[in-house]
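The values are calculated or read from the model by the stated rules, or taken from the named source; none is laboratory data. Keep in mind that what you see is a predicted model, and the values were worked out from it rather than measured. Positions of Cβ are generated from backbone atoms using ideal geometry, with glycine treated the same way; all protein chains shown enter the neighbour counts.
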Amino acid sequence: MLRDDDLALLTRPLYAFLTVAPRGDRWPAPRPVWFEVGAGGDLEMFSLPDAPKLDRLREQPRASVVVAAPVGEPEHWVSVEGAVTLHEQGGFELAARLADRYYDMREAKNRALVEEWRTAGVVRIVLRPERVNRFSL
């Protein structure tokens, strides 16, 4: 479902904007998240266990993610929609891998934050693509 040009964008250390179903009369509110593309083409993210988005994903296990190239590059974005599963296993390992990708782990404050995630435990969010939209110049 993901094409080579999608993967070229999605394997870069960019932010994804995750949108889940809102509650009540609220509007959808995308949140920036770190992510990686799993071996099967799923998008994997993580969250602290008390995050409101996890409650909403338990109620409606569907989400969308948008990733775009930064300003200054030719326009290129990928939007992925699909079913979501939540996993207690593998969350910290994913978070630690992503911290190495997105943070300078030589900095003590970043290492301390990753250790907080280990202590708190993190949930792995897996989005299985069902629909992909894209644009590139």
Among residues of the stretch 1-14 being free of Cβ contacts under 8 Å to residues at least 60 places away in the same chain, of a type outside the set (D, E, K, R) and assigned to a loop (DSSP other than H, G, I, E, B), the residue surrounded by the fewest Cβ atoms within 10 Å (Cβ to Cβ) is 11
Exactly one of 77, 34, 27 is on the phi < 0 side of the Ramachandran plot, out of contact with any strand residue (DSSP E or B) (no Cβ under 8 Å at 6 or more places or on another chain) and not acidic (Asp, Glu), and that residue is 27
Output for Cβ contacts, cut-off 6 Å, separation at least six or different chains, first residue over 19 Å from residue 130 (Cα atoms) in the stretch 75-92, second of a type in the set (A, V, I, L, M) and crowded, with 16+ Cβ neighbours inside 10 Å, reads 76/9; 76/69; 91/122; 91/123; 92/122
(Q) Being under 14 Å from the mean Cα position of the chain (by Cα), of a type in the set (A, V, I, L, M, F, W, C) and more than 26 Å from residue 115 (Cα to Cα) is the requirement here; does residue 37 meet it? (A) no
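I need the strands (runs of 3 or more DSSP E) fully contained in the stretch 15-114, keeping only those with at least 3 residues that are within 16 Å of residue 126 (Cβ to Cβ) and modelled with pLDDT of 95 or more.
On the way: elements: 16-20, 31-33, 43-47, 62-68, 76-87.
In the stretch 15-114, the matching strands (runs of 3 or more DSSP E) lie at 16-20, 43-47, 62-68, 76-87.
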Inset, instruction - Kindly establish whether residue 61 is under 15 Å from the mean Cα position of the chain (by Cα) and surrounded by 10 or more Cβ atoms within 10 Å (Cβ to Cβ). - result: yes
